[in-house]
Amino acid sequence: MTSQPVAAYPARDQYAKPLLVALLSGCGVALALGLYAKLHHPSKYALDVAGFSSPLYAKAWLTTAAVVFAVVQLITGARITRQAAPAWMAGVHRWSGRIAILLTVPVIIHCIYALGFGTYSARVIAHSVLGCIFYGAFVAKMLSLVRRDAMPKWVLPVLGGVVFVSLIGLWATSALWLFATKGVHS
């Protein structure tokens, strides 16, 4: 009876565990946000931001600014991953992402506490689901970034793409809808 050397057996997938932890954590965050927003009794109290005519316009303009920074992230991220980029571009990429996320924080706080998980129209359901996906994908991306050396090269661009697309969807189902139906003003 011949035994095969240990090297002949396939190596354990070194990416599976850290990727699974990142994805499950992101799913957990998305689910927790959605459940809390749905089960929490909305306060109906608006988060008022100085300089805006209403909380809806504050949220719309903050989300629009976040989308602008997310576009910068998309452009710099594509350049960084595809070709040699100037050293300063990595800093612009990181800071545009940080600013984009920070701009969404007052928006999610208002959405969760004042409005909850809305289900009264297809647009609102899509918006609520996209909000959960956005933050879940963001958490998964950040956890993947922490273990960047243990991840396949495609993970960060794919998760970054999910974060970007969900933010665009959020913007389209909220800010764009508001601007199209009520006009563009502060």
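The values are calculated or read from the model by the stated rules, or taken from the named source; none is laboratory data. Computed from a predicted model, the values in this text were never measured in an experiment. Positions of Cβ are backbone-derived with ideal geometry, glycine not excepted, and every protein chain shown enters the neighbour counts. With ligands, DNA and RNA removed, areas are computed over all heavy atoms of the protein, side chains included. Shrake-Rupley method; radii C 1.70, N 1.55, O 1.52, S 1.80 Å.
Quick check on my filter: what residues within the range 109-137 are in contact (Cβ under 8 Å) with a residue 40 or more places away in the chain and either on the phi > 0 side of the Ramachandran plot or of a type in the set (G, A, S) (or both)?
If the condition is that a residue be in contact (Cβ under 8 Å) with a residue 40 or more places away in the chain and either on the phi > 0 side of the Ramachandran plot or of a type in the set (G, A, S) (or both), then A114, G116, A126, S128, G131, G136, A137 are the ones that fit.
Residue-by-condition table, conditions (1) modelled with pLDDT under 90; (2) out of contact with any Gly (no Cβ under 6 Å at 6 or more places or on another chain); (3) surrounded by fewer than 15 Cβ atoms within 10 Å (Cβ to Cβ):
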{"residue": "A30", "(1), (2), (3)": "no, no, no"}
{"residue": "Y36", "(1), (2), (3)": "no, yes, yes"}
{"residue": "S43", "(1), (2), (3)": "yes, yes, yes"}
{"residue": "G51", "(1), (2), (3)": "yes, yes, yes"}
{"residue": "L62", "(1), (2), (3)": "no, yes, no"}
{"residue": "V67", "(1), (2), (3)": "no, yes, no"}
{"residue": "A70", "(1), (2), (3)": "no, yes, no"}
{"residue": "R79", "(1), (2), (3)": "yes, yes, no"}
{"residue": "A84", "(1), (2), (3)": "yes, yes, yes"}
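Test L102 against the stated conditions and say whether it is at pLDDT 90 or above and exposed (fewer than 14 other Cβ atoms within 10 Å of the Cβ).
Yes; evaluated as a whole, the condition is true for this residue.
So which pairs qualify, if the first residue must be in the range 62-75 and of a type in the set (D, E, K, R), the second must be open to solvent by 20 Å² or more (accessible area, probe 1.4 Å), the Cβ gap must be under 8 Å, and the two must be at least 6 apart or on different chains?
none
Of the numbered conditions (1) more than 14 Å from the chain's Cα centre (by Cα); (2) modelled with pLDDT of 90 or more; (3) more than 20 Å from I109 (Cβ to Cβ), G161 satisfies every one except a single condition; which is it?
Tallying (1) more than 14 Å from the chain's Cα centre (by Cα); (2) modelled with pLDDT of 90 or more; (3) more than 20 Å from I109 (Cβ to Cβ), G161 fails exactly one: (1).
Does T104 count as among the polar types (S, T, N, Q), assigned to a helix (DSSP H, G or I) and within 17 Å of S128 (Cβ to Cβ)?
Considered against the rule, which asks whether it is among the polar types (S, T, N, Q), assigned to a helix (DSSP H, G or I) and within 17 Å of S128 (Cβ to Cβ), T104 comes out as yes.
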